[in-house]
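Bear in mind that the values in this text are calculations on the coordinates, not laboratory data. Quick caveat, the model's predicted, so the values are computed rather than measured. Because the Cβ atoms are built from the backbone with ideal geometry, glycine has one as well, and the counts that use them run over all protein chains shown.
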Number of protein chains: 2
Amino acid sequence: MLKRTVFFISDGTGITAGALGKLLEHFPGTNFTQVRLPFSDTLDKIKHAQEDILKAAEVDGGRPVVIMSLGNIELRNALKQSNAYFIDLFNTFIDPLGLELDQQPLTGAGIAHSVMGTKYNDRMEAVNFTLNHDDGMTNSGLEEAQVILIGVSRCGKTPTSVYLAMQFGIKAANYPLIPEDFERGSLPAVLHKHLDKIFGLTIKPERLHAVRNERRSGSFYASLDNCRKEITTAENLMRDAGITWADSTSRSVEELSAIIMEKTRKHV
Amino acid sequence: MLKRTVFFISDGTGITAGALGKLLEHFPGTNFTQVRLPFSDTLDKIKHAQEDILKAAEVDGGRPVVIMSLGNIELRNALKQSNAYFIDLFNTFIDPLGLELDQQPLTGAGIAHSVMGTKYNDRMEAVNFTLNHDDGMTNSGLEEAQVILIGVSRCGKTPTSVYLAMQFGIKAANYPLIPEDFERGSLPAVLHKHLDKIFGLTIKPERLHAVRNERRSGSFYASLDNCRKEITTAENLMRDAGITWADSTSRSVEELSAIIMEKTRKHV
């Protein structure tokens, strides 16, 4: 298998450059080693990066890919003396976008991910809200939630809620559906007035069985039979209440979040 | 102020395209409205997107910016019939990278953020670990942590830990430094054997005072005097133990995470 090293070199966090690393998934035929070099804001650090690039090329037997975001033009030009395949966020995006907008871009380091950024405070407030409203921990403040995820225990509510909050600044509570609800045959009373912002998650019984078994191996709770019953009953409850749901079995939190935002018409 | 709408149009989650939205922070002179259109995987949806683009251009008085990631070439070409400024991740990145690697890229929808992606399971495992080791909740399993964040209450440990886990798959526990520790004059005993993976957070007293006052207004806990004392003592404890720390006062979780990964030499 082809080997290549990918460097993310930035004068800031390197997180925007790093996000493009996801595009490497389009090339499953190459074995990528990813190296992050954030805060590369001096000529000295750039020189070290260049040495690393040279070494990686030798080890891999192919020139590295460098995804770079350097505001300082001197550093940018210095780095490009290396033998590598460059994807330069300034050249490719920021400068051309500046022409389109007829506006000079800011070139300081760390602009994309500073606390001054758009929505930063909203995002942190949402993370706090979500962690304080995880797993039906409290019924107070649900009015403030923008989304309430429901579903059986261990179907993916928590990581999805955290992702919605961290990434998009959405205050996402989550509430488990538990045996009491199944016996009563209806959603928890506290949720009735929030139906418009509830979104359901479900999961395949076999997968739930496997996930629960990791924690409580051999328990009734984790048994395939119980998982099947819980899921069927939960889906019936959701159907009766007119709640939209998605299956988390083979979806990432990124995919689930995108679906939830679309279906609940959250625009951020 | 100049107004422009930015569309993120993808056949998948649109999260990679959306990440480039952070680059808009380089143009504070423009008031951007951001619209996400994930799962745009049919000609019909593309046509709806085109109508939205047309409307936005009229409202803004300037053509929209479209950041697009569409694997299907027919959909890609259809969308480009609109009058907009296009940033096409396939044209700009994926196809040229394919030439560099001498490899055809996968063009299916949702490849960048599927559960099949690199490290997805590690990331979810790290999120679980981090939520179960938040705020010194338990001492068991700290051996498994890759990073342990310490610092006074409300200095930013929790959101930073969650970000490290969700974004990079780092198992990040966090442990508060509390009055007991300050009286004893040393770090909690349980941390002594983990010094090599501890990283400290500190914060300016005025900021801590403001943050704590939001929750417990007028309390001794939130008083500026107490905040000052806690911070000084915590910094002394960390200094004595040889622990590196960073000030969270004006840093985002993205910036703190990048610093922590660099200083603790975590490579992901």
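Observations on the model:
- Computed log₁₀ I(q)/I(0) - Debye formula, equal Cα scatterers, no solvent, the protein assembly as shown, q 0.10, 0.11 Å⁻¹: -0.90, -1.09
- Calculated log₁₀ intensity ratio I(q)/I(0) where the Debye formula runs over C-alpha points of segment A:1-143, q = 0.12, 0.14, 0.15, 0.20 Å⁻¹: -0.61, -0.75, -0.81, -1.16
- For residue A:202, residues with placed amide H under 5 Å, excluding near neighbours: A:246, A:247, A:248
- Net charge in the neighbourhood of residue A:3 (other residues with Cβ under 12 Å of its Cβ; Lys, Arg +1, Asp, Glu -1) is 0.
- Per-residue Karplus couplings for segment A:172-179, computed as 6.51 cos²θ - 1.76 cosθ + 1.60 with θ equal to phi - 60°, are listed in order as 10, 7, 9, 9, x, 9, 10, x Hz, Gly and Pro entered as x.
- Zero-based 10 Å bins, Cα pair distances in segment B:153-268, whole percents: 13, 45, 34, 8, 0
- Shape analysis of chain B places it in the prolate category; the axes a ≥ b ≥ c from the Cα gyration tensor give an a/c of at least 1.5, with a/b above b/c.
- Centroid-to-centroid separation of segment B:2-34 and segment A:51-104 [C-alpha atoms, Å]: 21
- Distances between equivalent label points of residue A:1 across the copies, with each point positioned 7 Å along Cα→Cβ, amount to 4.7 nm, shortest listed first.
- Each Lys or Arg adds one and each Asp or Glu subtracts one; over the other residues with Cβ under 14 Å from the Cβ of residue A:195, this totals +1.
- With helices as the sole contributors, the protein assembly as shown gives -12000 deg cm²/dmol at 222 nm; each DSSP H run of n ≥ 4 counts as -39500 (n - 2.57), and the sum is divided by every residue.
- Close amide H partners of residue B:66, meaning residues 5 or more places away or on another chain with modelled amide H under 5 Å apart, are B:7, B:85, B:86, B:87.
- Tilt relative to chain B, helix B:253-263 - C-alpha long axis, 0 to 90 degrees, to 10: 70
- Residues whose placed amide H lies under 5 Å from that of residue A:3, excluding near-sequence neighbours: A:31
- Each residue of segment B:32-49 was assigned a 3J(HN,Hα) from its phi angle through the Karplus expression (A = 6.51, B = -1.76, C = 1.60, θ = phi - 60°), giving 8, 9, 9, 10, 9, 10, x, 6, 7, 10, 9, 4, 4, 5, 5, 5, 4, 4 Hz with x at Gly and Pro.
- Averaging the sequence gap over all C-alpha pairs within less than 8 Å and six or more residues apart, then dividing by the number of residues, gives segment A:120-267 a relative contact order of 26 percent.
- Within the protein assembly as shown, percent of DSSP bridges classed antiparallel, to nearest 5: 0
- Rel. contact order, % - alpha carbon contacts under 8 angstrom, at least six apart, segment A:190-238: 35
- Cα centroid separation - segment B:143-211 against segment B:222-268, whole Å: 8
- For segment A:117-173, the equivalent ellipsoid derived from the Cα gyration tensor has semi-axes of 19, 12, 8 Å, listed largest first.
- The mean count of C-beta atoms from other chains within 10 Å of the C-beta of residues in A:102-108, rounded to a whole number, is 4.
- What the phi angles of segment A:55-61 give under the Karplus curve with 6.51, -1.76 and 1.60, with θ = phi - 60°, is a coupling list of 4, 4, 4, 5, 4, 7, x Hz, glycine and proline written as x.
- Chain A holds its axis-closest Cβ, relative to the rotation onto B, at the residue and whole-Å distance A:19, 2.
- Note on segment B:79-203: semi-axes of the ellipsoid equivalent to its C-alpha gyration tensor, largest first and rounded to whole Å, are 43, 16, 12.
- 10 Å beta-carbon shell around residue B:111, net charge (K/R +1, D/E -1): -1
- Partners of residue A:3 within straight-line reach, counting lysines whose Cα lies under 27 Å from its Cα and excluding those fewer than 8 residues away in the same chain: A:22, A:45, A:47, A:55, A:80, B:119, B:266.
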